[in-house]
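K.L.:
Let me begin by handing over the structure; questions about it come next.
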Amino acid sequence: MMAPDTSDDVPSCACKGVRRCLVCEGLKEKVQPEASESKIVHHFLYDPQSRLAVGKDAQAASFPFSGVFLWENFISEEEEKKLICAMDQDVWKESQSGRRKQDFGPKVNFKKRKVRVGGFSGLPALSHKLVLRMYQESALAGFQPVEQCNLDYHPERGAAIDPHLDDSWLWGERLVTINMLSDTTLTMSLEQGLPELGLTGEVHVAVHLPRRCLVVLYGEARHKWKHAIHRKDIHVRRVCSTYRELSAEFLPGGQQADLGAQLLNIALNFQGSPV
């Protein structure tokens, strides 16, 4: 049986600092949105066929946008049903900005750069055949996930994830995400713009994510461009699973190779439960 969202009838919220969702905005009133100065934003749409960022304004020139790989219909409708059913039988923990989450990975303190096994027991069983399928694509050659994070987005909670860069001390080159239950848009942003192209304001590139697709971020899209899912792009429930690999420091030849080998050995037994 699926665990209840909260321990009572009052909606809960895990937002901290500047993070907010509809729960804390509408009920707790603990966060007042700050007035933001108007700024110039150039909007582009990613074309997976040409791998160009195409200007929404007819006068804006297109430019190559590297570091994004899309695999449509990576999972079937039946697989999606099984995956969501399995997730909903586990506990969803409240997370920031209206999201709920399930973590399958080591215990990490990114500020202190410390990592330990903690309660990590491996990736979930249903992920095994998905990881094997990933190996069919050259862009995912040698991909060994050491962590899986499931995120649950509901429009009723105003769920979103702010623009951010994923850690690169522990996590490696590729971020792999499976998008489920609904289409959405992944917004890539570059605050400093692209002055070499005459784009002096902030640049946004919208990457359309079809339901049941897999998306990989690597290279500049991983390390230079921030990525986000905005509240306006969550229309119905959306669930995603993101898989992360280890950085060079935790691989053979790295300073923490032994710990990395231990973590991978646990992860790839595919017998895990959320931590």
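K.L.:
Could you quote the convex hull projected area for the range 92-187, Cα atoms only and averaged over all directions, in nm²?
P.N.:
For the range 92-187, averaging the hull's shadow over all directions gives 7.5 nm².
K.L.:
Can I ask one more? What relative contact order, as a whole-number percentage, does the range 44-125 give when Cα pairs under 8 Å and 6 or more residues apart are counted?
P.N.:
Relative contact order for the range 44-125 comes out at 13 percent.
K.L.:
Work out Dmax and Rg for the range 42-132 from the C-alpha atoms and quote the Rg first, both in angstrom.
P.N.:
Gyration radius and largest Cα-Cα distance of the range 42-132: 19.3, 54 Å.
K.L.:
Using +1 at the C-beta of Lys and Arg and -1 at the C-beta of Asp and Glu, which of T184, T242, A221 has the Cα lying farthest in the positive direction of the dipole of the range 161-275?
P.N.:
T184
K.L.:
Can you order the peptides 188-198, 264-274 by their average number of other Cβ atoms within 10 Å per residue, highest first?
P.N.:
The most tightly packed comes first, giving 264-274, 188-198.
K.L.:
Please list, by residue number, everything in the range 214-244 whose backbone N is under 16 Å from a paramagnetic label point 7 Å out along Cα→Cβ of L268.
P.N.:
Only 244 pass the distance filter.
K.L.:
Still on this structure, I have one more. FRET efficiency for K112 and H235, Cβ-Cβ distance as r, R0 = 45 Å, nearest 0.05?
P.N.:
Step by step, r from the Cβ atoms, then E = 0.70.
K.L.:
Rg to Rh for the chain: what is it, with Cα atoms only and Rh by Kirkwood?
P.N.:
That ratio equals 0.96.
K.L.:
Report the relative contact order of the chain, percent, no decimals, based on alpha-carbon pairs under 8 angstrom and at least 6 residues apart.
P.N.:
It comes to 26 percent, rounded to a whole number.
K.L.:
Whole angstrom only: what separates the Cα centroid of the range 52-121 from the Cα centroid of the range 179-239?
P.N.:
If you average the Cα positions of each part, the centres end up 12 Å apart.
K.L.:
Scan around L52 for amide H atoms under 5 Å from its own, H built in the peptide plane at 1.01 Å from N, and keep only partners 5 or more places away or cross-chain.
P.N.:
Here the answer is D47, F65, since their amide H atoms fall under 5 Å of that of L52.
K.L.:
If you don't mind, there's one more thing I want to ask. I'd like the Karplus ³J(HN,Hα) series for the range 255-268: coefficients 6.51, -1.76, 1.60, θ = phi - 60°, whole numbers in Hz, and an x wherever there's a Gly or Pro.
P.N.:
Running phi through 6.51 cos²θ - 1.76 cosθ + 1.60 with θ = phi - 60° gives 5, 10, 4, 5, 5, x, 5, 5, 5, 5, 4, 6, 4, 8 Hz.
A short reminder: the numbers here are calculations on the coordinates, not readings from a lab. What you see is a predicted model; the values in this text were computed from it and never measured. Because the Cβ atoms are built from the backbone with ideal geometry, glycine has one as well, and the counts that use them run over all protein chains shown.
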